[in-house]
């Protein structure tokens, strides 16, 4: 993994891995966890997530892009411990009028949960764009900052409080 193309944040949250995983595995709750403010809500898909290969479509909005959708496929799944998804523009090519022929796919969001004793959990959130193959699309990354990811950790903590 190319660590120059990833951001990672961690913190201890006062909840069990199972409690935190239940929130992360429910795409209908992702909007409340979004520290970047891009998510507008679940459009369709599997909820809650129970296995790799499942997918969900999220309504999105960003300055300079406006409203759009992303389809996220679950690429990492270990119940109670690991979950991660790879978003892609939905439907493919839907933003060509804004970003041209760039292919920004190849990035992932992942969460790792480790018991930290006394019912607490070390939560590590990783945003990785090392899988982006279109060299011309790399200028679009990172789409979120470490501060926004830390805000997501705060929101996860609030969601399980």
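Taking the Cβ of each residue in 108, 50, 4 as the centre, tally the other Cβ atoms inside 10 Å and list the residues starting with the fewest. It would help to have the intermediate numbers written out before the result.
Details: 108 19, 50 11, 4 7.
Going from least to most buried by this count: 4, 50, 108.
With the simple model of a label 7 Å out from the Cα in the direction of the Cβ, residue 4 to residue 63 spans 2.8 nm. Contact order for the range 70-161, expressed relative to its length and based on alpha carbon pairs under 8 Å spaced 6+ residues apart, stands at 21 percent. Relative contact order of the chain: 30 percent, from C-alpha pairs under 8 Å at least 6 residues apart in sequence. Among 112, 18, sorting on how many other beta-carbon atoms sit within 10 Å of each Cβ, with the fewest leading, yields 18, 112.
Taking 0.36 nm per intervening residue step and subtracting the Cα-Cα distance, what contour gain separates residue 73 from residue 44 on full extension? Each step should come with its number before you reach the end.
Working: separation 29, 0.36 × 29 = 10.44 nm, distance 1.22 nm.
Here the segment from residue 73 to residue 44 would lengthen by 9.2 nm.
Given their separation in residues at 0.36 nm each and the Cα-Cα distance between them, residue 28 and residue 136 gain 35.6 nm when the chain is fully extended. What do you get for the angle between helix 146-159 and the principal long axis of the chain? Use alpha-carbon atoms, 0 to 90 degrees, nearest ten. In the chain, helix 146-159 runs at an angle near 50 degrees to the longest axis.
Per the helix-only calculation at 222 nm, which mean residue ellipticity applies to the chain, given -39500 (n - 2.57) for every DSSP H run of n ≥ 4 and division by its residues, nearest 500 deg cm²/dmol?
-5000 deg cm²/dmol
Here, each number is a calculation from the coordinates, and none is a lab measurement. Everything numeric here is computed off the predicted structure, so don't read it as measured data. Ideal geometry is used to build each Cβ from the backbone, glycine not excepted, and the neighbour counts take in all protein chains shown.
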